1. Among what's in region 61-81 and is surrounded by 10 or more Cβ atoms within 10 Å (Cβ to Cβ) and of a type in the set (Asp, Glu), pick the residue that is nearest to residue 31 (Cα to Cα).
2. Look at residue 47 and say whether it is surrounded by fewer than 10 Cβ atoms within 10 Å (Cβ to Cβ) and at pLDDT 95 or above.
3. Taking only region 55-79 into account, find how many residues are part of a helix (DSSP H, G or I), among the acidic types (Asp, Glu) and farther than 14 Å from residue 16 by Cβ.
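The values are calculated or read from the model by the stated rules, or taken from the named source; none is laboratory data. As the structure is a computational prediction, the values presented were derived from the model and not from experiment. Quick reminder, even Gly has a Cβ in these numbers, built from the backbone with ideal geometry, and neighbours come from all protein chains shown.
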Amino acid sequence: MDSYKIPWKKSAEKDLEKIIRDPNILKGKLVIKGTRISVEFILKLLENGWSIDEICEEYELTREDVIAAIRYARKAVETRE
C-alpha cells in the first residue's frame, strides 16, 4: 500500500501548487496558477458534461491543470467531512 501512497502524495502535492488564491484575480477565487480560470469554473464544466480533453482544448490548459482543480476540490470536501 505504501508504494501506492508515495507517488500519489508527490503528484497531489505538486498538483495543489497549481491552485492559487490572489485577491487581485477573480476577487480571490481559487484559480489555476497563471490563468484567470477558477476551480469552480472547471467543476461546473465537468458537471455539464465536458471532458478533460475538451476543457484543455477550449481553455488552453493541460490535463495536469484540470486534474489539479479536481484534486483541490476533493481535498476541500475531504477535510470538511
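1. 65
2. yes
3. 2
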